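Report on one structure; see the data block that follows.
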């Protein structure tokens with residue numbers, strides 16, 4: 001593996017702390033893979049100040065990696081400045097696409113590489129002539145993992161909050177359904193206590209919770225997404241996940257899983273094995289490092 005000098009990793013730190021977040025977990029993965037990175041965070045997207053050219057030159061920085069979801073004119077202007085002043089390789093991870101697609105035009109335009117979790121958004125950016133890859137969500141296994149000594153005594157659990165199907169599931173399942181919002185650090189214990197994890201993707205997107213729940217050895221039950229999402233190239237119905245269509249389809253799958261607990265266990269095991277093999281923070285970091293190395297080799 002080629003070491004491309006140093007990376008400058010920029011992301012929003014909403015709590016202005018060193019606690020876990022998706023970007024900080026990814027940064028840790030890069031470090032575990034012996035990538036030299038300098039982390040630089042900002043807390044206010046409306047007032048972003050990034051390092052100057054002297055800092056970038058003095059620290060031999062050749063890659064600028066940005067994780068941000070949403071619109072920030074201040075961040076865009078700072079990235080434009082760095083691109084004008086340096087020959088740095090700019091990579092933008094575009095966060096919560098497809099719902100944030102409309103906000104990402106400027107960052108996509110100035111990037112040398114775009115990372116998007118959405119298949120159609122990837123095609124959209126590529127059709128604009130930009131260098132984009134489909135960079136799926138993942139489970140950070142430092143946070144999301146099965147805790148074996150916690151009994152799986154909850155039938156259906158969810159961390160969705162007050163969204164669609166919450167009252168529906170409470171009405172039909174009563175105490176057999178637990179909907180609890182908790183911090184990422186506590187999700188492993190909560191997921192480990194559940195047999196089936198319910199998820200509803202309101203934007204018809206492949207959600208991060210699918211990967212995280214599966215990593216904790218839960219059978220994931222989620223709404224069937226349109227074929228263009230390509231989700232079934234990642235998770236196969238009745239093998240590593242269960243899809244439902246509408247409220248009656250949801251009830252049918254719940255009854256099926258309740259009557260066939262071994263099916264839920266098998267799907268949970270398959271889903272966990274799939275995620276641990278292909279969809280962890282380390283796997284995504286490895287992929288990005290390889291892509292960056294290839295880009296530098298082609299520049300020679």
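The values are calculated or read from the model by the stated rules, or taken from the named source; none is laboratory data. Note that the structure is a prediction, hence the values are computed from the model and not measured. Every residue, glycine among them, receives a Cβ derived from its backbone with ideal geometry; neighbour counts consider all protein chains shown.
All but one of (1) surrounded by 13 or more Cβ atoms within 10 Å (Cβ to Cβ); (2) closer than 30 Å to residue 113 by Cα hold for residue 277; state the number of the condition that does not hold.
Condition not satisfied by residue 277: (1).
Of all residues in the stretch 217-235 being free of Cβ contacts under 8 Å to residues at least 60 places away in the same chain and not in a helix (DSSP H, G or I), which is farthest from residue 269 (Cα to Cα)? Step through it out loud before you land on a result.
Going residue by residue through the stretch 217-235, those that are free of Cβ contacts under 8 Å to residues at least 60 places away in the same chain are 219-220, 222-227, 231-233, 235.
Now drop any that are not not in a helix (DSSP H, G or I), which leaves 219-220, 222-226, 235.
Numbers: 219: 8, 220: 11, 222: 17, 223: 20, 224: 20, 225: 22, 226: 25, 235: 13 Å.
Among them, the one singled out is 226.
A quick yes/no check of all residues on (1) under 21 Å from residue 155 (Cα atoms); (2) in the same structural domain as residue 62 (by TED's automatic domain parsing); (3) modelled with pLDDT under 95:
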position: 255; (1), (2), (3): yes, no, no
position: 258; (1), (2), (3): yes, no, no
position: 264; (1), (2), (3): yes, no, no
position: 268; (1), (2), (3): yes, no, no
position: 272; (1), (2), (3): yes, no, no
position: 286; (1), (2), (3): no, yes, no
position: 292; (1), (2), (3): no, yes, no
position: 295; (1), (2), (3): no, yes, yes
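Sort out which residues of the stretch 123-138 are in contact with a strand residue (DSSP E or B) (Cβ under 7 Å, 6 or more places away or on another chain) and either in a loop (DSSP other than H, G, I, E, B) or in the same structural domain as residue 196 (by TED's automatic domain parsing) (or both), and write them in order of number. Show your work before the answer.
We begin by selecting, within the stretch 123-138, every residue in contact with a strand residue (DSSP E or B) (Cβ under 7 Å, 6 or more places away or on another chain); these are 125-126, 130-135, 138.
Within the stretch 123-138, 130, 131, 135, 138 qualify.
Looking only at the stretch 236-252, which residues are in contact with a helix residue (DSSP H, G or I) (Cβ under 9 Å, 6 or more places away or on another chain) and outside any loop (DSSP other than H, G, I, E, B)?
Matches in the stretch 236-252: 241, 242, 243, 244, 247, 250, 251.
Within the set of pairs 6 or more residues apart or between chains, which connect a residue that is at pLDDT below 60 inside the stretch 14-26 to a residue that is outside any loop (DSSP other than H, G, I, E, B) with Cβ atoms less than 8 Å apart?
Going by the 8 Å Cβ cut-off, the qualifying pairs are 16/41; 18/24.
Can you tell me which residues in the stretch 98-122 are in contact (Cβ under 8 Å) with a residue 40 or more places away in the chain, in a loop (DSSP other than H, G, I, E, B) and more than 22 Å from residue 7 (Cα to Cα)? I'd like the intermediate steps shown before the answer.
Filtering the stretch 98-122 down to residues in contact (Cβ under 8 Å) with a residue 40 or more places away in the chain leaves 98-99, 107, 112-113, 115, 117-120.
Pick out the ones that are also in a loop (DSSP other than H, G, I, E, B) and you get 98-99, 112, 117-118.
Passing the criteria: 98, 99, 118.
Among 217, 204, which is the only one that is modelled with pLDDT under 95 and either out of contact with any strand residue (DSSP E or B) (no Cβ under 7 Å at 6 or more places or on another chain) or under 26 Å from residue 232 (Cα atoms) (or both)? Reasoning before the result, please.
Numbers: 217 fails: modelled with pLDDT under 95.
Only one candidate qualifies: 204.
Is it the case that residue 75 is at pLDDT 95 or above, within 22 Å of residue 281 (Cα to Cα) and assigned by TED's automatic domain parsing to the domain that holds residue 288?
Details: at pLDDT 95 or above: yes; within 22 Å of residue 281 (Cα to Cα): no; assigned by TED's automatic domain parsing to the domain that holds residue 288: yes.
Spelling it out, it is not the case that residue 75 is at pLDDT 95 or above, within 22 Å of residue 281 (Cα to Cα) and assigned by TED's automatic domain parsing to the domain that holds residue 288.
Residue 174 passes all but one of (1) out of contact with any strand residue (DSSP E or B) (no Cβ under 9 Å at 6 or more places or on another chain); (2) within 25 Å of residue 14 (Cα to Cα); which number fails?
Looking at each condition in turn, residue 174 falls short on (2).
Residue 118: closer than 24 Å to residue 211 by Cβ and at pLDDT below 95, yes or no? Let's see the steps before the verdict.
Numbers: closer than 24 Å to residue 211 by Cβ: yes; at pLDDT below 95: no.
When the stated conditions are applied, residue 118 does not pass them.
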